[in-house]
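Here is the structure we will look at.
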Amino acid sequence: MAGFRTLDDIDAHGKRVLVRVDLNVPMNEDGTVSDATRIERVAPTIIELSDKGAKVILLAHFGRPKGAADPAMSLEPIARATETVLDRAVHFAPDCIGATAADAIAQMDDGDILLLENTRFHKGEEQNDPEFAKALAANGDLYINDAFSAAHRAHASTEGLAKLLPSFAGRTMQEELEALEKGLGRPQKPVVAIVGGAKVSTKIDLLMNLVTKVDALVIGGGMANTFLAARGTDVGKSLCEHDLAATAKTIMTEAAQAGCAIILPVDAVVAREFKAGAASETVPVEDVPDDAMILDAGPQSVIRIKEWIGRAATLVWNGPLGAFEIAPFDKATMEAARFAAAETKSGNLVSVAGGGDTVSALNLAGAADDFSYVSTAGGAFLEWMEGKELPGVAALSR
């Protein structure tokens with residue numbers, strides 16, 4: 001990983017190692033963790049450091065407590081879930097700075113793991129306050145950032161600490177950055193991007209960045225309706241941001257100038273109501289009935305998308321092609337995802353995907369495990385795709 005130091009560059013034995021992780025996991029009403037994926041993602045870094053004899057001190061946030069201690073957002077229940085995932089003891093300290101944290105760290109043996117309380121219980125965390133960062137740094141000899149999902153925030157535990165201690169990327173951060181480098185940094189060409197979702201307004205920066213970097217941009221979901229309308233197609237009652245027609249035209253012009261093909265649906269699955277099992281029909285996009293709405297890309301569109309994926313050496317995917325949560329409007333997303341997974345598995349494609357809906361869709365399609373990399377980072381993944389510098393990543397640069 002050019003520009004970053006990793007765990008391979010560390011002699012961790014006997015060192016107090018502060019590890020920023022993402023433990024902002026969903027919880028059940030009874031206070032148990034409902035999805036431990038994020039804990040599982042950081043487990044390799046924690047276990048490796050523990051096995052190397054480091055004193056592993058975990059820093060994390062949970063929820064939005066707005067700089068005040070809130071028992072409902074304590075990390076203590078997550079310490080128990082982390083123990084289960086790691087299959088080893090995880091101690092807990094009810095503060096992340098001061099005497100409480102220092103005393104707990106002083107009692108650690110080499111290889112022990114300690115989770116400190118929610119960093120956001122202090123206002124200095126989100127303010128990236130230098131004094132708060134110093135208070136955190138006082139507890140460690142080395143700093144590891146293994147929370148790519150929080151790397152788009154310039155907070156004390158994600159950016160400020162990296163300026164005060166020798167800093168390294170954890171295994172999850174390393175894997176994410178290497179995957180993203182293959183996706184858009186220095187990809188094998190041709191590169192195809194699939195961008196879907198409801199609204200163009202949330203992804204203008206993303207689209208403007210991608211048209212300068214990829215060979216073809218497939219636009220799906222409700223976003224595609226805005227582009228179709230901007231091109232003069234009547235999309236009936238479909239979700240459509242008509243006020244962004246000029247923006248869509250600008251993106252298409254930029255794409256043409258950059259030599260990027262814009263791939264829009266040529267046919268669509270339409271219905272009069274949006275519900276499971278609703279009566280639907282497939283029509284050319286020019287023939288959408290006035291009282292109907294587009295809810296999925298049609299079979300001819302899927303054939304075109306698969307042809308572009310088949311030509312690609314690299315695929316970057318963010319957002320579904322239709323209303324995938326409800327049958328029968330999931331077909332385009334499922335079929336394209338399974339085709340991309342098969343191409344990846346056969347060695348013909350490097351595929352990088354991310355974003356909450358994207359991850360859900362790939363899981364529903366049974367395709368996620370065969371993609372080269374699926375990011376759970378959400379906002380950080382999107383900002384990376386937009387070409388923005390991520391403070392938590394930039395701070396790790398050599």
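Key figures for this structure:
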quantity	calculated
Any chance residue 103 is of a type in the set (D, E, K, R), open to solvent by 40 Å² or more (accessible area, probe 1.4 Å), at pLDDT 95 or above and in a loop (DSSP other than H, G, I, E, B)	no
Residue 68 open to solvent by 10 Å² or more (accessible area, probe 1.4 Å) and among the hydrophobic types (A, V, I, L, M, F, W, C)	yes
Condition met for residue 193 (of a type outside the set (Val, Ile, Thr), at negative phi, modelled with pLDDT of 95 or more and part of a helix (DSSP H, G or I))	no
Residue within the range 254-264 that is surrounded by fewer than 20 Cβ atoms within 10 Å (Cβ to Cβ), modelled with pLDDT of 95 or more, polar (S, T, N, Q) and over 29 Å from the mean Cα position of the chain (by Cα) present	yes
Candidates 226, 247 - the one that is touching a Lys or Arg at 6+ places or on another chain (Cβ under 9 Å), polar (S, T, N, Q) and either closer than 24 Å to residue 325 by Cα or in a helix (DSSP H, G or I) (or both)	226
From the options 235, 218, 270, residue that is in a loop (DSSP other than H, G, I, E, B), touching a residue at least 24 places away in the same chain (Cβ under 8 Å) and open to solvent by less than 10 Å² (accessible area, probe 1.4 Å)	235
Enumeration of residues in the range 118-129 that are closer than 23 Å to residue 173 by Cβ, open to solvent by 30 Å² or more (accessible area, probe 1.4 Å) and in a helix (DSSP H, G or I)	126
Residues located in the range 1-30, provided they are open to solvent by 10 Å² or more (accessible area, probe 1.4 Å), outside any loop (DSSP other than H, G, I, E, B), touching a residue at least 60 places away in the same chain (Cβ under 8 Å) and over 30 Å from residue 186 (Cα atoms)	16
Among residues of the range 372-386, those that are surrounded by fewer than 24 Cβ atoms within 10 Å (Cβ to Cβ) and within 16 Å of residue 314 (Cβ to Cβ), counted	3
Answer residue from the range 162-202, given it is more than 15 Å from the chain's Cα centre (by Cα) and of a type in the set (D, E, K, R) and is farthest from residue 16 (Cα to Cα) among those	199
Tally, over the range 31-59, of residues that are over 24 Å from residue 95 (Cβ atoms) and assigned to a helix (DSSP H, G or I)	8
Checklist (1) open to solvent by 20 Å² or more (accessible area, probe 1.4 Å); (2) of a type in the set (A, V, I, L, M, F, W, C); (3) modelled with pLDDT of 95 or more applied to residue 177, failing item	(3)
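This table checks each residue for (1) in contact with a Gly (Cβ under 9 Å, 6 or more places away or on another chain); (2) part of a helix (DSSP H, G or I); (3) open to solvent by 30 Å² or more (accessible area, probe 1.4 Å).
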{"position": "136", "(1), (2), (3)": "yes, yes, no"}
{"position": "144", "(1), (2), (3)": "yes, no, no"}
{"position": "165", "(1), (2), (3)": "yes, no, no"}
{"position": "172", "(1), (2), (3)": "no, yes, no"}
{"position": "201", "(1), (2), (3)": "no, yes, yes"}
{"position": "206", "(1), (2), (3)": "yes, yes, no"}
{"position": "209", "(1), (2), (3)": "yes, yes, no"}
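The values are calculated or read from the model by the stated rules, or taken from the named source; none is laboratory data. Here the structure is a predicted model, which means the values were calculated and not measured. Backbone-built Cβ (ideal geometry, glycine too); neighbour counts: all protein chains shown. All accessible areas refer to the heavy atoms of the entire protein, side chains included, with ligands and DNA or RNA removed. Shrake-Rupley method; radii C 1.70, N 1.55, O 1.52, S 1.80 Å.
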